[in-house]
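This report concerns only the one structure given below.
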Amino acid sequence: MSMNDTPQSTNFVQSIINEDLKANKNKGRVHTRFPPEPNGYLHIGHAKSICLNFGLAADNGGICNLRFDDTNPSKEDVEYVDSIQADVKWLGFDWDERMFYASDYFDKIYAYTIELIRAGRAYVCDLSAQEIKEYRGTLTEPGQESPYRNRSIEENLDLFTRMKAGEFADGSRVLRAKIDMASPNINMRDPVLYRILRATHHRTGDKWCIYPMYDYAHPLSDAIENITHSVCTLEFADHRPLYDWTLDMVDYSAEADGRPQQIEFARLNLTHTVMSKRKLRELVENGYVNGWDDPRMPTISGLRRRGYTPESIRDFCERIGVAKRDSIVDIALLEHCIREDLNMRAPRVMAVLEPVKVILDNYPEDQVEWFKAENNPENPDMGTRQIPFSRELYIEREDFMEDPPKKFFRLSPGKEIRLKSAYIIKCERVIKDEQTGAILELHCSYDPESRSGGATSGRKIKGTSHWVSAAHAIKAEVRLYDHLFLHEKPDDEEDGLDYKAKLNPDSLRELTSCLVEPSVSGAKPGCRYQFMRQGYFCVDPLDVNESRLVFNRIVSLRDTWAKIMKANGSGTEA
């Protein structure tokens with residue numbers, strides 16, 4: 001989102017705000033909020049909401065709150081609170097002093113609820129959760145009224161007060177709104193407002209044993225905070241009548257200056273992953289991944305650890321736009337955004353992931369030459385570096401074939417390749433393990449005149465390989481990540497498979513014998529590079545090891561999204 005003072009966005013939410021500003025609604029104020037539940041780590045879908053809410057506020061000279069909807073202590077934890085704050089700040093947004101919790105308002109919400117009961121608009125119900133579900137009816141049949149619906153106001157006040165005092169067992173009673181059991185919207189059929197839940201809250205401790213439901217606490221929290229535009233995802237559209245009913249029935253005028261408006265937009269669905277916090281938690285808790293920040297996860301912390309930049313994620317959120325209808329976005333677009341971001345800023349280095357030794361028999365044994373190479377040909381301002389060259393080198397194992405097919409343009413017996421920024425070499429002999437047949441060494445010759453500027457440097461050689469000097473290379477461990485799910489739509493249940501059955505068994509490949517040119521020596525955690533021909537990589541910010549560097553592959557160099565755009569013929573988003 002733009003950070004300018006003048007509105008830049010043309011999405012439908014901005015159009016609503018534009019009309020409100022013209023009408024001087026809310027006295028010209030724009031006040032949004034990002035309201036996560038602290039029951040898990042944020043994912044890329046939340047990033048869209050963060051960029052939208054904070055961006056709308058910034059674009060319209062307004063402010064945005066961070067508010068934790070902490071109404072279910074059985075699933076919440078301070079760990080999640082801390083991680084959410086870190087993610088929002090990493091994305092580049094700040095709530096200043098406006099960090100709040102729904103639990104800040106528990107006393108006020110309780111007082112509002114007492115008044116709701118006194119007005120005859122809420123009652124204590126003794127039906128079990130299963131019975132409430134059965135009484136609710138279906139999409140085609142109206143519900144039945146609870147036998148406890150017509151309790152007197154005095155009895156409801158007494159029971160609700162005793163619920164708060166802890167006299168009743170968990171689940172034995174709830175407080176329900178008295179609305180309409182025949183409503184075509186099931187959410188309006190006397191929804192539950194409070195339930196009994198004995199769980200220590202991460203902020204209020206054991207003060208409360210009753211907690212307001214999210215759908216009830218949320219509009220009241222918005223009102224108390226003077227929110228003008230309550231922007232949420234599309235699944236809450238059917239809950240909007242309850243949002244409005246709550247604001248109609250509760251007198252919050254002493255707290256608020258205006259009335260919040262709920263606006264729904266389409267959530268982000270991304271191919272080859274899942275966006276359900278419940279499913280992501282299941283992947284973590286059952287060991288399918290190595291924590292919430294596993295680089296294969298779509299969590300913001302996972303993307304950060306993998307090496308994604310906040311700029312690339314904000315760019316992605318801007319490109320996908322804000323729509324009224326759900327759709328699915330190709331993960332290739334997210335990968336395209338990080339490639340575009342790193343193309344100009346990531347220095348190029350040579351790294352051999354699966355090395356095979358090359359010995360240049362006609363090169364002086366003790367000689368070391370230093371070749372100048374560009375750090376980034378796309379950005380000359382990044383300068384150059386010196387790369388050591390010696391008699392013993394390593395090249396990529398896949399760059400040699402003993403019996404190559406016709407169009408193999410790498411190294412093979414009797415054939416030549418050019419070593420990037422260095423010489424042309426020719427394979428003379430292959431040394432193998434006598435027992436296994438594995439290739440141990442390639443003995444080659446080099447053309448001393450083929451160095452850049454040499455007499456034969458202009459010879460046309462189809463193949464060029466990256467390499468490292470054996471004596472100077474830095475040892476490294478490299479983790480190659482692929483999509484977490486093989487299936488494009490792992491949530492699709494039409495095939496009858498559980499989403500976990502669609503996990504990609506090769507989503508992580510670990511290489512422990514990699515070698516990188518010495519220019520990366522001393523690289524700090526989080527440093528990003530382009531390994532020539534291999535992709536973009538990041539020094540793992542958490543797995544720091546003094547004896548070796550650990551790199552995560554952020555993304556390969558193959559840009560499938562660019563091909564999609566080219567196929568569209570316009571060079572624009574598909």
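The values are calculated or read from the model by the stated rules, or taken from the named source; none is laboratory data. Source: prediction; values computed, not measured. Cβ atoms come from the backbone with ideal geometry, glycine included; neighbour counts cover every protein chain shown. Heavy atoms of the whole protein, side chains included, go into the accessibility calculation; ligands, DNA and RNA do not. Shrake-Rupley method; radii C 1.70, N 1.55, O 1.52, S 1.80 Å.
Couple of notes before you dig in:
- Gained length - ALA256 relative to GLN386, 0.36 nm times residue gap less alpha-carbon distance: 40.4 nm
- Extension gain, LYS406-GLU494: 0.36 nm per intervening residue step, less the Cα-Cα distance, totals 27.3 nm.
- For region 440-531, GluC sites (Glu not before Pro) meeting the loop criterion (DSSP other than H, G, I, E, B) and having at most 16 other Cβ atoms within 10 Å: GLU488, GLU493, GLU494.
- Unit charges on C-beta of K, R, D, E only; dipole of the chain, Debye: 1200
- Calculated FRET efficiency for the pair GLU131/GLU154, C-beta based, R₀ 35 Å, to 0.05: 0.90
- For the chain, the mean residue ellipticity at 222 nm estimated from helices alone is -7500 deg cm²/dmol, where every DSSP H run of n ≥ 4 contributes -39500 (n - 2.57) and the total is divided by all residues, rounded to the nearest 500.
- Computed over region 11-138: relative contact order in percent, which uses C-alpha pairs under 8 Å that are six or more apart: 23
- At an R0 of 35 angstrom, the distance between the Cβ atoms of LYS372 and ARG548 translates into a FRET efficiency of 0.80.
- Crossing angle, helix 12-22 versus the chain [Cα axis fit, 0-90 degrees, rounded to tens]: 50
- Applying the criteria of a DSSP loop state and at most 12 other Cβ atoms within 10 Å to the GluC sites (Glu not before Pro) of region 84-179 yields GLU97.
- Out-of-range pairs (alpha-carbon distance over 25 Å; input LYS277/LYS500; LYS22/LYS48; LYS426/LYS460; LYS75/LYS500; LYS108/LYS277; LYS133/LYS489): LYS22/LYS48; LYS108/LYS277; LYS133/LYS489
- With every protein chain in place, region 41-99: carbon and sulfur % of accessible area (1.4 Å): 44
- The magnitude of the dipole of region 51-137, with charges of +1 and -1 set on the Cβ of Lys/Arg and Asp/Glu and taken from the Cα centre, is near 460 debye.
- Distance between region 29-51 and region 246-302 - C-alpha centres, whole angstrom: 7
- Positive-end extreme of charge dipole, the chain - chosen from PRO36, VAL329, TYR446 (charges on Cβ): TYR446
- Average Cα contact separation per residue, region 367-471, under 8 Å, 6 or more apart, as relative contact order %: 27
- For the chain, the share of DSSP beta bridges that are antiparallel, to the nearest 5, is 65%.
- Peptide ranges 524-531, 13-20 listed from the most packed, as the mean C-beta count within 10 angstrom indicates: 524-531, 13-20
- Mean-position separation - Cα centroids, region 506-565 and region 121-198, in angstrom: 56
- Inter-label distance for PHE12 and ARG558, nm, one decimal - labels placed 7 Å from Cα along Cα-to-Cβ: 3.7
- Coil-residue trypsin sites (Lys or Arg not before Pro) of region 94-198, DSSP, other Cβ within 10 Å capped at 12: none
- Computed from phi, the 3J(HN,Hα) profile of region 341-348 under the Karplus parametrisation 6.51, -1.76, 1.60 (θ = phi - 60°) reads 5, 7, 4, 8, 10, 8, x, 8 Hz, with x in place of Gly and Pro.
- By the Cβ-Cβ criterion of under 4.7 Å, the unpaired cysteines of the chain are CYS64, CYS125, CYS209, CYS232, CYS337, CYS427, CYS444, CYS514, CYS527, CYS538.
- Based on Cα contacts under 8 Å between residues 6+ apart, the chain shows a relative contact order of 11 percent.
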